[in-house]
Structures are given as structure tokens and as C-alpha cells.
Amino acid sequence: MTTQTVGTDAGDARITWHPARNARLVLAVGHGAGGGIEARDLTALAAALPAHGVTVALVEQPWRVAGKKVAPAPKTLDTGWRGVWPALAEPGLPVISGGRSAGARVACRTAVELGAHAVLALSFPLHPPGRPEKSRAAELLGAGVPTLVVQGGNDPFGRPAEFPEGGFELVEVAYGDHGFAVPKRAGLTQERALEIITDAVREWVVSLG
């Protein structure tokens, strides 16, 4: 594992690299507006995928690196992601643009522009909690590249059944909330919930060729 600081027009970002020995692609994943790269799904992917030929790059946005507690406007998040992209592409491998929550929105909005190989959207915030009329489906549907959505079954930002039909795949983590936490009364353990995520992403990456 290595850490790299990258200057962007939004400030310094940070990449934590989890390299695969014989990497065939890079999965770059950004965090959400309420947390960092320590999120359980991001750490699970970073632990599981390098053994399968996928280098995982966990990206911290400049606001997070600067120690701020509130994420900036979406266009500033996009600026930070654009600024990091040359470093993500430096290994010369196809790059899957990914993120959780707000980071998933960034990945969708910038995928075509940056030449992303595909998009991984973890806990895509389809709408604010209790506000289904404020849909962000257009961002997801406009990604323009192969897209995988991994969504908790009880995510208040959009349950799987609320998603429109479109050119993306969707995997449900039953009982999971926006952070993929599952209640103790659920029919699966927290460990199994994370395995569902990592297995789904690994199989999808293989299907991309």
C-alpha cells in the first residue's frame, strides 16, 4: 500500500494505492460526502480485489484531505476528480471510475469526459431521503459506459425497486442501509454483506473483459 498526494484545481487530493501484482486494470473509488475511504465497502474492495488482478485506488477528495467536515458543491467535487485522473491513468491500464454515494455521482457525471472504462456506483443516492421527486436518475442513466450499481435493500437514498430501467446492472445487498450496514436481526451477517459486494464487483470486472 502506498499513498500519493496529487495537486488539483480544488486543492490537494490523496490516493491510497492497493496494487495488484499482475494488474489488468485500476478501480478508482471516491468516498461520499459524509465519510472517507475508511468506509466498510471501500476497505473491503481494497482488501479483496488486488488478488484478482485489480489495483484499487482509494481517492480522498481535497476537502477531506484539508480536514473539512462538509463536502463542497458537486462541480467542485468533479474538479477534484478530474485533477486526480491523470495519476489514476498513469499505470497505463483501463480505469474503472467508481465511488460511493456522492462519489458515485461524480463518477457518473465525468465518466465519458475522462475516458473511464466503466463506472462502479456504490450506494448511488437516487434521491434525498424522503424526497423521491428529487431524482438524480439522469446522472446514472447518462454515465455512458458500462455501469454497476450496488445498493442496500433498505437504503433511504433509494431502494433497488425505485431505480428506473436503464443501461446498468444492479446488485442488491439485502437489508443494507446507505453504508451497507445490516441489522443484527437480518438474515445475513455483516461479513456476508461485504462478501456480496466484493463478489459482485469481481464478477462484473471479469465480465468487462
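Figures for the structure shown
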| item | result |
| --- | --- |
| Residue check, Ala193 in contact with a Cys (Cβ under 8 Å, 6 or more places away or on another chain) and under 13 Å from Asp41 (Cβ atoms) | no |
| Restricting segment 92-131 to residues that are in contact with a Phe, Trp or Tyr (Cβ under 6 Å, 6 or more places away or on another chain) and of a type in the set (Val, Ile, Thr), the residue that is nearest to Val171 (Cα to Cα) | Val106 |
| Flag for Arg185 being assigned to a loop (DSSP other than H, G, I, E, B), at negative phi, over 14 Å from the mean Cα position of the chain (by Cα) and of a type in the set (Lys, Arg) | yes |
| Among (1) open to solvent by less than 30 Å² (accessible area, probe 1.4 Å); (2) in a helix (DSSP H, G or I); (3) not basic (Lys, Arg) - the single one Val59 does not satisfy | (2) |
| Condition check for Ala89: in contact with a Phe, Trp or Tyr (Cβ under 8 Å, 6 or more places away or on another chain) and hydrophobic (A, V, I, L, M, F, W, C) | no |
| Test for Val201: is it crowded, with 19+ Cβ neighbours inside 10 Å, within 18 Å of the chain's Cα centre (by Cα) and in contact (Cβ under 8 Å) with a residue 60 or more places away in the chain | yes |
| Subset of segment 67-82 [in a helix (DSSP H, G or I) and small (Gly, Ala, Ser)] | Gly80 |
| Identity of the residue in segment 1-46, in a helix (DSSP H, G or I) and open to solvent by less than 30 Å² (accessible area, probe 1.4 Å), that ends up farthest from Ala181 (Cα to Cα) | Ala46 |
| Selected residue (criterion: farthest from Asp177 (Cα to Cα)) from residues of segment 102-142 that are outside any loop (DSSP other than H, G, I, E, B) and basic (Lys, Arg) | Arg109 |
| Those residues of segment 157-169 which are open to solvent by less than 60 Å² (accessible area, probe 1.4 Å) and either of a type in the set (A, V, I, L, M) or in contact (Cβ under 8 Å) with a residue 24 or more places away in the chain (or both), in sequence order | Phe157, Gly158, Phe163, Pro164, Gly166, Phe168 |
| Unique residue being touching a residue at least 40 places away in the same chain (Cβ under 8 Å), of a type in the set (A, V, I, L, M, F, W, C), over 27 Å from Trp204 (Cα atoms) and surrounded by fewer than 22 Cβ atoms within 10 Å (Cβ to Cβ) when the list is Val70, Val65 | Val65 |
| Residue match in segment 95-111 (condition: surrounded by fewer than 17 Cβ atoms within 10 Å (Cβ to Cβ), at pLDDT 95 or above and either more than 15 Å from the chain's Cα centre (by Cα) or within 17 Å of Leu208 (Cβ to Cβ) (or both)) | no |
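The values are calculated or read from the model by the stated rules, or taken from the named source; none is laboratory data. These numbers were taken from a predicted model, which means no experiment stands behind them. When we count neighbours, we look across all protein chains shown, and the Cβ atoms used for this are built from the backbone with ideal geometry, even at glycine. Heavy atoms of the whole protein, side chains included, go into the accessibility calculation; ligands, DNA and RNA do not. Shrake-Rupley method; radii C 1.70, N 1.55, O 1.52, S 1.80 Å.
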